[in-house]
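Structure, as structure tokens:
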Amino acid sequence: MTENLFESYALNETIKLNNRILMAPLTRCMADDELVPTPAMAEYYARRADAGLIISEAVIIRPDGQGYPNTPGLFSKAQIAGWQKVTAAVHKNGGKIFAQLWHTGRIAHPYFYAKDDQDAVVLAPSAIRLEGTVARMRDLTYKTPKAVTKEDIASLVLDYAKAAENAMQAGFDGVEIHGANGYLIDQFLHHDSNRRQDEYGGSSENMARFPLAVVDAIIDKIGADRTALRVSPGAYVNMAGDARDKAVFDYLLPELEKRNLAFLHIGIFDDSMEFDYLGGSASSYVRANYNKTLVGVGGYSAETASNAIADSKFDLIAIGRPFIANPDYVSKVKSKEPLVAYTDEMLTSLV
Ligand code: FNR
Ligand code: 8K6
């Protein structure tokens, strides 16, 4: 039984989805050296246009947000023009696509944006380095970031809003703010990475201040009906968990609910993971504290997703790795054809 996945779903008055299956954001590191999306990327997304909604791979809002090679941007004219081709190709095939807006914070590396500048900084809420090296570039060790000043914060908020405007100019149907997976916005929301003592740290309200400022600035530019957010209340990547984090999300979720976002999306690789301090899985915790459209994700098959939606665990499902392996995921599920299994080797080419 997977019929409920093929019901249409209105996010709001503006955006109606043909089905409940979202393509999850999937970084592919295939943009050109100016971080412009290529024609091959337009074809890759167009092949997946029968998803109810595609969420693009994470797109950096400005150069110092880059933490991996060849991740696309949305801050130059050429990047906007490149994305126009992607969105046109998806729309031509009857699909919808949101841009995922990204700044990696302390996961950024100057190698990507300031190769010759020894003094180039990495920005984060606090000057706390993540142990380890950049995925795919193991000789690059993470740097100790600079704790952002209030001026840095103001400029980041402006640049998020500008990137959202650029996304609209590029023809996207909306944006999903990447507030998950231990990147900049998430770094403010967890005690492991936010040790600030000013109005951006310490209390739950202070730790949520920058994330909410970004949300509000984007809503102001493009409207709440086209604005979504991904969050990771359970720290599971690029971050250590802290029982005090729950209070931050207890405060954040009702604040988000007031803002009438298009949807809220969980950031997790495996939703069967339980977090002691959340009292269960990330999705069950968010569902209990947030009453609007929720997107589940993380290790679901069409069948388990359909059951979870039937049980009201969330409203929409995002599918990641199976969509890499099966461009025709939606039609295969609908016609009950077998799926190709995902393998990491598939990341080396865009199919
Ligand atoms: C991801 N994921 C991810 N998440 C995100 O918010 N932005 C991103 O750009 C990426 N990039 C990315 C690349 C690759 C290669 C993988 C495998 C994953 C996480 C992704 O959206 C999703 O949450 C997980 O893949 C879990 O869903 P599945 O794959 O079990 O359906
Ligand atoms: C949490 C989202 C992370 C986005 C990072 C992008 C880097 C991609 C790495 C994915 C890991 C999969 C395994 C690597 C196989 C390499 C084959 C080239």
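Condition test on Gly73, is it touching a Phe, Trp or Tyr at 6+ places or on another chain (Cβ under 8 Å), among the small types (Gly, Ala, Ser) and over 20 Å from Ile317 (Cβ atoms)?
So Gly73 does not fit the description; no.
Among the residues of segment 225-238, are any assigned to a helix (DSSP H, G or I) and surrounded by 18 or more Cβ atoms within 10 Å (Cβ to Cβ)?
Yes, that holds for at least one residue.
Out of (1) surrounded by 16 or more Cβ atoms within 10 Å (Cβ to Cβ); (2) at pLDDT 95 or above; (3) farther than 29 Å from Tyr45 by Cβ, the odd one out for Ala108 is which?
(3)
Yes or no: Ala58 within 22 Å of Cys29 (Cβ to Cβ), modelled with pLDDT of 95 or more and touching a Ser or Thr at 6+ places or on another chain (Cβ under 8 Å)?
Judged against the criteria, Ala58 is a match.
Across segment 324-345, what is the total count of residues that are open to solvent by 50 Å² or more (accessible area, probe 1.4 Å) and within 16 Å of ligand 2 (Cβ to nearest atom)?
Of the residues in that region, 5 qualify.
Looking only at residues in segment 323-345 that are over 14 Å from Arg47 (Cβ atoms) and in a helix (DSSP H, G or I), which one is farthest from ligand 1 (Cβ to nearest atom)?
Filtering first and then ranking leaves Lys334.
Could you identify the single residue in Phe314, Phe269 that is part of a loop (DSSP other than H, G, I, E, B), in contact with a strand residue (DSSP E or B) (Cβ under 7 Å, 6 or more places away or on another chain), within 16 Å of ligand 1 (Cβ to nearest atom) and not β-branched (Val, Ile, Thr)?
Exactly one of Phe314, Phe269 is part of a loop (DSSP other than H, G, I, E, B), in contact with a strand residue (DSSP E or B) (Cβ under 7 Å, 6 or more places away or on another chain), within 16 Å of ligand 1 (Cβ to nearest atom) and not β-branched (Val, Ile, Thr), namely Phe314.
If you take the residues in segment 63-94 that are in contact with a Leu (Cβ under 8 Å, 6 or more places away or on another chain) and part of a loop (DSSP other than H, G, I, E, B), which one is surrounded by the fewest Cβ atoms within 10 Å (Cβ to Cβ)?
Here the residue is Ser76.
Looking at segment 118-211, what helices (runs of 4 or more DSSP H) fall wholly within it and have at least 1 residues that are aromatic (Phe, Trp, Tyr)?
Hits in segment 118-211: 150-169, 184-189.
Only one of Phe314, Phe275 is more than 15 Å from the chain's Cα centre (by Cα) and open to solvent by less than 10 Å² (accessible area, probe 1.4 Å). Can you tell me which?
Of the residues listed, the single one that is more than 15 Å from the chain's Cα centre (by Cα) and open to solvent by less than 10 Å² (accessible area, probe 1.4 Å) is Phe314.
Only one of (1) touching a strand residue (DSSP E or B) at 6+ places or on another chain (Cβ under 6 Å); (2) closer than 19 Å to Met168 by Cα; (3) in a helix (DSSP H, G or I) fails for Ile54. Which number is that?
Of (1) touching a strand residue (DSSP E or B) at 6+ places or on another chain (Cβ under 6 Å); (2) closer than 19 Å to Met168 by Cα; (3) in a helix (DSSP H, G or I), only one is false for Ile54: (3).
Would you point out the residue of segment 18-27, among those that are in contact (Cβ under 8 Å) with a residue 60 or more places away in the chain and surrounded by fewer than 21 Cβ atoms within 10 Å (Cβ to Cβ), that is farthest from ligand 2 (Cβ to nearest atom)?
Asn18
So Gly132 fits all but one of (1) touching a residue at least 40 places away in the same chain (Cβ under 8 Å); (2) at positive phi; what number is the exception?
Among (1) touching a residue at least 40 places away in the same chain (Cβ under 8 Å); (2) at positive phi, the lone unmet condition for Gly132 is (1).
I'm told Arg321 meets every condition in (1) within 16 Å of ligand 2 (Cβ to nearest atom); (2) charged (D, E, K, R); (3) farther than 22 Å from Gly234 by Cβ except one. Can you identify the failing condition by its number?
(3)
Which one of these is free of Cβ contacts under 8 Å to residues at least 60 places away in the same chain and under 22 Å from Asp173 (Cα atoms): Glu199, Glu257?
Among Glu199, Glu257, only Glu257 is free of Cβ contacts under 8 Å to residues at least 60 places away in the same chain and under 22 Å from Asp173 (Cα atoms).
Would you check which residues across segment 41-60 are away from ligand 2 (no atom under 16 Å from the Cβ), more than 25 Å from Ser8 (Cβ to Cβ) and of a type in the set (A, V, I, L, M, F, W, C) and list them?
Passing the criteria: only Ala42.
The values are calculated or read from the model by the stated rules, or taken from the named source; none is laboratory data. Bear in mind the structure is a predicted one, so any value in this text is a computation, not a measurement. Glycine gets a Cβ as well: all are built from the backbone with ideal geometry, and neighbour counts include every protein chain shown. The area values use the complete protein model at the heavy-atom level, side chains included, leaving out ligands, DNA and RNA. Shrake-Rupley method; radii C 1.70, N 1.55, O 1.52, S 1.80 Å.
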